[in-house]
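The next block holds one structure in the form of structure tokens; read it before the comments.
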Amino acid sequence: MAIEKVIVPDIGDYKDVNVIGVNVKVGDNVNAEDSLITLETDKAVIEVPSPFSGVVKEINIDSGCKVSEGSLILSLNTISSASNADLKSDKNYLSPPNSVLSELKSIKKTQNMVNFAIPDIGDYKDVNVIEVNAKVGDSVNVEDSLITLETDKASIEIPAPQSGIIAELKIKVGDKVSSGDPFLVLQIPSNSKHDVPLSKNEPQQQKYLNETISNNNMQLNQEEKISYIKKIGVQNSKNVYASPAVRRLASTLCIDLTSVNPTGRKGRITKEDCKKYVKESIKLIQSNNKNTNLDFLPEPKIDFTKFGEVQFKSLSRINIVSAKNLARNWIKIPHVTFHDQADITDLETFRKSKKSLAEKLGIKLTILSFLIKVTAFLLKEYPQLNSSLSHDGKSLIIKKYFNIGFAVDTAKGLLVPVVKNADKKSILEIAKEIIGLSRKSRAGTLSSTDIQGGTFSISSLGSLGTNSFTPIINMPEVAIIGISKSTIKPIWNGKEFLPRVMLPISLSADHRVVDGALASKFLTRYCSVLGDIKEILL
Ligand code: CAO
């Protein structure tokens, strides 16, 4: 048994470096290469490994103190000095691993050189670089356009993320790039207030987040990703046991390492621990976002019995579920509702003339079957209204099938069964399906496929009354039509007033997807086709 003193090895030109972690305590059994202390310079975190195996006898430094090469760290009772002799004979035994030294040297050399990657450009991959608007040596200001990318849909300017002098441009015209690809090294003036350490490079965070999300089949929109970064963006990772590689990963992901549950040897945090922490944080945000981030006042809790007699009535499961869906849809979708009236005089004449024919087939031919058919017909003309917004809000998913849902009022609540492929069905077939699906809705026998796959909805209150109303969009659809009660109105034909059957129609559209002009065109066309139903035969 011998007592060996362990000192701070050659750590380059650094002096008075902060000790941010003492990873062992008196009495610990350590093996050669186990990390003893963690140092932090302004550019890197360095683990100092033990040169010997042994038992810690005395520790001479503490977290928070400053050390330089040669400072005494601790004394070890070596188990077998013979077995350590080999290590001592290696003249490098007091130095950090070569990888750490070379990293330190390269950091010194590249001081004020900051690497930048292509920022988040959405789901696009391998996008063509069509222009490079700057060259090495150019002095650029933050937000100056550096390169232009071209996707099949749009061209994207990539601006300078900071002011500085271009030291290296890693791409040229004709290259293909994706988010996170390195593209620029900027020399930043040392007095720049905008110095951003590479470790906090947002594209890296975005890239890793995107990978984590897709590897785990998670769906997180841009807003949720940002709230993730904000939520865990606290850098307080001192006094934890983690290798430089893990610290780098944690720094890239803005992880507070003190919050991470270590599963490695001797309480060491591993990369897997960090990844697990990210996944859990994302899940937490998703469940928090099930509520909203809006700063609502708490709902008032009132004892109504103080004011008079009340009766409690339990809500059905359908009531409870649709209340949640409707509340989410109303809050999350910016609805704009447009109102118009269709002259359905001719349509009603035609429908009534065919009612007895339909009845012979056991079918009740109501106006709703015509509305479903016309909707499917016009969605082909206006595909944007037959779409959904992607989760990241950056693209539209336009559906090439036309499945029209219709609201059914049942004793247990509102249900929306779906007439699939309405564009391919005759009006009689649709009418028959409406009867079947309405019956199943009211009997509570709808299957899950009966209510899935809708691309657009209709809510008809025509048999009940009302002049107009605001139908709530059925997320992830982007528009809905509400039908009110038709009435006979005097309509001016240029010469005289004529009694016409007018059907009030309300179109609610998601303003993120459908702007006012498009909604107006669609609704005007809708009324016009109902006015001359023969058009759908063309
Ligand atoms: N204007 C005037 N009368 C109308 C009408 C309209 N727009 N639509 C229907 N009617 C009247 C007609 O008299 C019609 O009978 P005829 O066809 O013989 O003339 C009768 O109502 C047909 O009503 P119906 O209910 O049997 O059939 P439908 O196809 O019109 O509607 C259904 C079916 C399932 C949509 C309906 O029963 C229903 O549940 N509607 C309520 C939907 C709802 O609650 N929406 C609100 C959602 S938001 O809370």
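The values are calculated or read from the model by the stated rules, or taken from the named source; none is laboratory data. The structure presented is a predicted model; accordingly, all values stated were derived computationally and were not measured. Ideal geometry is used to build each Cβ from the backbone, glycine not excepted, and the neighbour counts take in all protein chains shown.
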Open item on the list: Of all residues being at pLDDT 90 or above, small (Gly, Ala, Ser) and outside any strand (DSSP E or B) in the range 289-348, which is farthest from VAL501 (Cα to Cα)? Just the residue, please.
Closed with: GLY308
Task: Residues being surrounded by 21 or more Cβ atoms within 10 Å (Cβ to Cβ) and not small (Gly, Ala, Ser) - total across the range 248-272 - done: 6
TODO: Being assigned to a loop (DSSP other than H, G, I, E, B), in contact (Cβ under 8 Å) with a residue 24 or more places away in the chain and touching a Ser or Thr at 6+ places or on another chain (Cβ under 7 Å) is the filter here, so list the residues in the range 124-145 that pass it.
DONE: TYR124, LYS125, ASP126, VAL142
Task: Every pair of residues 6+ apart whose Cβ atoms lie under 8 Å, when the first sits in the range 435-452 and is farther than 17 Å from ILE404 by Cα while the second is within 13 Å of the ligand (Cβ to nearest atom) and among the charged types (D, E, K, R) - done: GLY444/LYS412
Open item on the list: Scan the range 305-312 and tell me whether some residue there is within 16 Å of the ligand (Cβ to nearest atom) and of a type outside the set (Gly, Ala, Ser).
Closed with: no
Open item on the list: Whether any residue in the range 422-431 is near the ligand (Cβ under 9 Å from one of its atoms) and either free of Cβ contacts under 8 Å to residues at least 12 places away in the same chain or surrounded by 15 or more Cβ atoms within 10 Å (Cβ to Cβ) (or both) is what I want to check.
Closed with: yes
Open item on the list: Suppose we filter LEU523, LEU530, LEU437 for residues that are part of a helix (DSSP H, G or I), out of contact with any helix residue (DSSP H, G or I) (no Cβ under 9 Å at 6 or more places or on another chain) and either small (Gly, Ala, Ser) or surrounded by 15 or more Cβ atoms within 10 Å (Cβ to Cβ) (or both); which single one remains?
Closed with: LEU523
Open item on the list: Going residue by residue through the range 452-464, is there one that turns out to be within 13 Å of the ligand (Cβ to nearest atom), over 33 Å from the mean Cα position of the chain (by Cα) and exposed (fewer than 15 other Cβ atoms within 10 Å of the Cβ)?
Closed with: yes
Open item on the list: Every residue in the range 503-538 that is closer than 11 Å to ASP340 by Cβ and in contact with a His (Cβ under 9 Å, 6 or more places away or on another chain), please.
Closed with: PRO504, ILE505, SER506, LEU507, ALA519, LEU523
Task: Among the residues listed as PHE370, PHE377, the single one being within 15 Å of the ligand (Cβ to nearest atom) and out of contact with any strand residue (DSSP E or B) (no Cβ under 7 Å at 6 or more places or on another chain) - done: PHE370
Open item on the list: Every residue in the range 455-482 that is over 30 Å from HIS391 (Cβ atoms) and outside any strand (DSSP E or B), please.
Closed with: LEU461, GLY462, SER463, LEU464, GLY465, THR466, ASN467, SER468
- [ ] Filter the range 397-421 down to the residues that are surrounded by fewer than 15 Cβ atoms within 10 Å (Cβ to Cβ) and under 28 Å from the mean Cα position of the chain (by Cα), then identify the one that is nearest to the ligand (Cβ to nearest atom).
- [x] TYR401
TODO: Considering each of VAL501, VAL513, VAL478 in turn, give the residue that is within 15 Å of the ligand (Cβ to nearest atom) and either of a type in the set (A, V, I, L, M) or over 18 Å from ILE367 (Cα atoms) (or both).
DONE: VAL501
TODO: Would you check which residues across the range 386-405 are in contact (Cβ under 8 Å) with a residue 24 or more places away in the chain, more than 18 Å from ILE536 (Cβ to Cβ) and either in contact with a helix residue (DSSP H, G or I) (Cβ under 7 Å, 6 or more places away or on another chain) or part of a strand (DSSP E or B) (or both) and list them?
DONE: SER387, SER388, LEU389, ASP392, GLY393, LEU396, LYS399, GLY405
TODO: Scan (1) within 16 Å of the ligand (Cβ to nearest atom); (2) more than 20 Å from VAL529 (Cα to Cα); (3) of a type in the set (S, T, N, Q); (4) not in a helix (DSSP H, G or I) for the single condition SER356 breaks and write down its number.
DONE: (4)
Open item on the list: Please pick out the residue among SER447, SER438 that is more than 8 Å from the ligand (Cβ to nearest atom) and farther than 30 Å from HIS511 by Cβ.
Closed with: SER447
Task: Selection count where residues are among the basic types (Lys, Arg) and closer than 21 Å to VAL321 by Cβ, scope the range 453-508 - done: 0
